[in-house]
Amino acid sequence: MEKYLKSTIEVEWIAQKLLQDFKTQGPLIHIVRGNTDSNHYDHILVIQGSFDPPLLSHTELINQSISLYQKQLPNAKVALMVLLSLSHVEKETDLFIHSLLGLRVEMLESLLSQTDLSVPWMIGISNSGRYIDLTVAIKRLLQKLSKNTYIMGIDVFDKLFQGVYYSKPLRDILPEIFQTDYIVAGRGDIVDIDDFLFYINSLPSESQNAIKETDNIIFLPLQKKFQFESSTKVRKQLSLDQSIEISSLNSQTLLFIHKNHLYSKNPSIIVIQIIVQIFVRILLKEGVDRNKCSDIIHNFISKNGNDKKIQTRILSEYRVKNNLFLEKRCYELLKEHSLIN
């Protein structure tokens, strides 16, 4: 983890700042990696997720979507945007059981660099997981864009029609949902177009009619071996056995995980993850800029990361899941080491 520590802290600062800015600026996207600095695209393919870790099914879905798009629009200037969302209504809130956001960025960059993609790509962070918010954020970021297409599994597509994710009635949201195009991949019991049509006919009439009135949804069947892959399952397997070989991971991704002890129950690794996330949160509230924040945390971990007393203080609160006191302990550590006033 040492190799990526500074960049990981900086990405965490960007992420926390985006969340902070949501209240005043609304949905935003910050591009943190990519192999292009241009923003002159006609179309953009967008895949969003936690990518914790990125799986072979993700790259398969990306490759098939690009191929499909290029056949339909051979002359269009197309790019790929991979988005790490910081806000999921249905996701777990205890981020410490996952890998640090910055390390996921590094994993994704490594994976995309090794994948023979035929379009430019970028990795971004968004401060909202709702697709109607992402559409707003993408338009703000890429103002000359004529169209964006979301790539997703059927499980995510289904969530578009669940009212719990919206502050307004679903009937008022449906027109916003279908401002963009969708490539929907089969998963679980929905493996072919007949299954997909059966699924659509099982939806409430309001959603059914909205789908049938549009022509911007493409169903994409995936090979059976990709349909049941799960990042949650992979994390659990790796937390039990760090040396395990996992068929749903690219070999380089698995090597990255092993080298950086991701998803490990090692107390030292857990403490570093907590320090990065909570120190960034505290320092951002104190008005500390990104570079200074990175220096402060990097130096603290270099000097004190293996201090058993500090580890015990942090882990005692972590184990009882008391995030309020966990933040208080981290604040005390910053004060004791004269890192904040």
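Only the coordinates and a few stated rules stand behind these numbers; no lab work does. Not measured: the values here are computed from a predicted model. Cβ: placed from backbone, ideal geometry, glycine included. Neighbour counts: every protein chain shown.
Close amide H contacts of ALA185 (hydrogens built in the peptide plane, cut-off under 5 Å, sequence separation of 5 or more or a different chain): MET152, GLY153, ILE154, LEU220.
Amide hydrogen proximity for TRP121: with H placed 1.01 Å from N in the peptide plane, the residues at 5 or more positions away or on another chain lying under 5 Å are ASN35, THR36, LEU80. With contacts taken as Cα pairs under 8 Å and at least 6 residues apart, the range 267-336 reaches a relative contact order of 42 percent.
Rounded to whole numbers, the Karplus 3J(HN,Hα) couplings from phi for the range 126-139 are 10, 9, 8, x, 6, 5, 5, 6, 4, 4, 5, 5, 5, 5 Hz, using 6.51 cos²θ - 1.76 cosθ + 1.60 with θ = phi - 60°, and x at Gly and Pro. A straight line joining the Cα centroids of the range 1-65 and the range 109-153 runs 8 Å.
Here the relative contact order of the range 2-231, from alpha carbon pairs under 8 Å that lie six or more residues apart, stands at 26 percent. Taking the helices alone, the chain has a mean residue ellipticity at 222 nm of -16000 deg cm²/dmol, built from -39,500 (n - 2.57) per DSSP H run of at least 4 residues and averaged over all its residues. Labels on offer are (i) 205; (ii) 159; (iii) 147, and the one holding volume of the Cα convex hull per residue in Å³ computed from this structure is (iii). Charges were assigned to the Cβ only: +1 to each Lys and Arg, -1 to each Asp and Glu. The resulting dipole of the chain about its Cα centre is roughly 1040 debye. Here r is the Cβ-Cβ distance between ASP241 and LYS144 and R0 is 56 Å; the resulting FRET efficiency, rounded to 0.05, is 0.70.
Each peptide in 100-110, 70-80 gets a packing score, the mean of other Cβ atoms within 10 Å over its residues, and the list from highest to lowest is 100-110, 70-80. In this simple spin-label model, placing a label point 7 Å from the Cα along the Cα-to-Cβ direction at both ASP189 and ASN323 gives a separation of 3.4 nm. A straight line joining the Cα centroids of the range 186-208 and the range 285-334 runs 47 Å. Computed from Cα atoms, the angle from the helix 5-25 axis to the main principal axis of the chain rounds to 60 degrees. Axis angle, to the nearest 10 degrees, between helix 101-114 and the longest C-alpha principal axis of the chain: 50 degrees.
Cross-link partners of LYS236 among lysines, defined as those whose alpha carbon lies under 28 angstrom from its own and excluding same-chain residues fewer than eight positions apart: LYS3, LYS6, LYS91, LYS159, LYS224, LYS225, LYS259, LYS265, LYS308, LYS321. Of all beta bridges that DSSP places with both ends in the range 2-231, some 20 percent have antiparallel geometry.
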